[in-house]
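So the structure is just underneath, and the comments pick up after that.
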Amino acid sequence: LDVRSERLGLPMSPGGETPLALHAQYTRAEILLAYGDGTAGKPSTNREGVRWLPEIKTDIFFVTLRKSSRTFSPTTMYRDYALSDSLFHWESQNATHNESPIGLRYRQQRSDGTNVVLFVREENTRRNGRKGAPFTCLGNVDYVSDEGNRPMQITWRLRNPLPEALLEASQIIAAA
């Protein structure tokens, strides 16, 4: 049973040189520390949904699937959801367009040798009502296509299939 447990996680795919495990759950601070952003005594205070770490050429995406107007502003109610167990629809920050430096970094991910790592949670709060629900590590993703501008709607291919429970939750939320 331990081998099949989503909580224990699996080794990350190539390009995931961190102590994090695929499909395991982590807080934002734990994720950032694992990538060398901050220290145990002073973790990074990043609150954005995207964190670019130029020294390791890695974008970290923090995605909350179920957004509410209580915790997200109208300009951050991005439509992020799983298209399948291997494809994920993600919207960039509002200022990003396909010819901006950030948009080009996403679009030229393979040729530029950058990494994008996706962390997803169903909602912002834990079951007990406390804020700061952990994120599930979905591992590295690869650019597939994009459309639109400000924000860009990007399709990413997961290198490892999405856990079934998270796929179901994502599709239910997207349909609502």
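Every read-out reported here was derived from the displayed coordinates using simple, explicitly stated rules and does not represent laboratory data. Nothing here was measured: the structure is a model prediction, and the numbers come from that model. Using ideal geometry, Cβ is built from the backbone for each residue, glycine included, and neighbour counts are taken over all protein chains shown.
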>> If I model a spin label at Lys57 and Glu164 as a point 7 Å from the Cα along the Cα→Cβ vector, what separation in nanometres do I get?
In response: 3.8
> Going 7 Å from the Cα of Gln25 in the Cα-to-Cβ direction, what parts of region 80-97 have a backbone nitrogen less than 19 Å from that spot?
Replying inline: 82
> When the Karplus curve 6.51 cos²θ - 1.76 cosθ + 1.60 is applied with θ = phi - 60°, which whole-Hz ³J(HN,Hα) does each residue of region 131-146 get, with x for Gly and Pro?
Replying inline: 6, x, 4, x, 9, 8, 6, 9, x, 6, 10, 10, 4, 10, 6, 8
>> Under the rule of at least 5 residues apart or a separate chain, name every residue whose amide H is placed under 5 Å from the amide H of Val50.
In response: Phe62
> Sequence-distant or interchain residues sharing an amide H contact under 5 Å with Asn115, placed H: which?
Replying inline: Thr58, Asp59
> Per-residue HN-Hα couplings for region 159-164, Karplus 6.51 cos²θ - 1.76 cosθ + 1.60 at θ = phi - 60°, whole Hz, x for Gly and Pro?
Replying inline: 6, 10, x, 5, x, 4
